[in-house]
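One structure is given below, encoded as structure tokens.
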Amino acid sequence: MRKIVVLSGAGVSAESGIKTFRETGGLWEEYNIEDVATPQAWQKNMELVQRFYNARRKQLLEVEPNPAHLAIAALEEHFDVHVVTQNIDNLHERAGSSKVLHLHGELTKSRSSVDPELIYDINGWEIKMGDLCEKGSQLRPHIVWFGEMVPELENAARLAQTADILIVVGTSLNVYPAASLIHYAPYDAPKFLVDPNELFVDGVTNLTFIKEKAGVGMPELREKLIADWA
Ligand code: NAD
């Protein structure tokens, strides 16, 4: 079975109703990144950070995977598919993808604020102030904030290096180090980029740009991959 590595970003979940990051109307326009998604924000105002992520988690209970998530999951019938996502939602898993690596953490989990190894599933949508880990420290969202290390980066790079086919979908390739992963894929591996907006990608060989929303472009690409490569 050929190995497909899918690198996904906020755009893949846009049609499910979760706002993206940088676009007009995107999530972050309403908030200052520094106020909610940095270690400094956590030090300064834990309640605000918890409220921000609790709201994201609550929304996650109300949305569903879209045709793009489903098309990616269905590729597993023909390929060895590994999803590397910058998304913190769980829509890839809920669509049926079995190998999902979350570069930037997971909304549905909490973690100790003193021991990063202590990670817990969240029941429902809320982490409350006063919810503690077994070492007695406040639980925080299991999210990689701006300015923090990306512990899964090496594993993601290894996957990209061994891809027979690489798909990049719904990411502006603006957030580093995740954006650098496209450059790890083998020189001769076919690469596909699905995004409705023009993106500038430099120094990537064998690249086909599918200028479509993920919900249209991914099902189309799935058919093409099965016809040409399965
Ligand atoms: P980004 O917002 O920087 O870029 C989104 C990309 O998606 C853009 O290139 C845009 O043109 C494209 N896009 C918009 N609608 C689309 C659609 N329907 N189909 C396909 N593409 C579409 O997002 P990023 O590159 O993923 O970086 C964002 C950061 O914010 C990540 O670190 C991520 O963790 C976080 N984030 C996550 C979520 C989520 O979990 N769903 C949502 C917002 C932000």
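The values are calculated or read from the model by the stated rules, or taken from the named source; none is laboratory data. This one's a predicted model, so the numbers in the text were calculated from it and none came from an experiment. For neighbour counting, all protein chains shown are included, and Cβ atoms are generated from backbone atoms with ideal geometry for every residue, glycine included. Areas reflect the complete protein model, heavy atoms only, side chains present, ligands, DNA and RNA absent. Shrake-Rupley method; radii C 1.70, N 1.55, O 1.52, S 1.80 Å.
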Of those in the stretch 72-94 that are of a type in the set (A, V, I, L, M, F, W, C) and more than 16 Å from the chain's Cα centre (by Cα), the residue farthest from Arg140 (Cα to Cα) is Phe79
Exactly one of Glu126, Glu117, Glu154 is touching a helix residue (DSSP H, G or I) at 6+ places or on another chain (Cβ under 8 Å) and surrounded by fewer than 19 Cβ atoms within 10 Å (Cβ to Cβ), and that one is Glu126
Answer with yes or no whether Ile226 is of a type in the set (Val, Ile, Thr), open to solvent by 20 Å² or more (accessible area, probe 1.4 Å) and in the same structural domain as Ile72 (by TED's automatic domain parsing).
yes
Taking the stretch 120-140 and keeping residues aliphatic (A, V, I, L, M) and either in contact with a strand residue (DSSP E or B) (Cβ under 6 Å, 6 or more places away or on another chain) or closer than 15 Å to Thr108 by Cβ (or both) leaves Ile122, Ile127, Leu139
Q.
So for the stretch 209-217 (the condition being away from the ligand (no atom under 11 Å from the Cβ) and in contact (Cβ under 8 Å) with a residue 24 or more places away in the chain), does at least one residue qualify?
A. no
Reported set for the stretch 202-228 where residues are closer than 20 Å to Leu159 by Cα and assigned to a loop (DSSP other than H, G, I, E, B) is Gly203, Val204, Thr205, Asn206
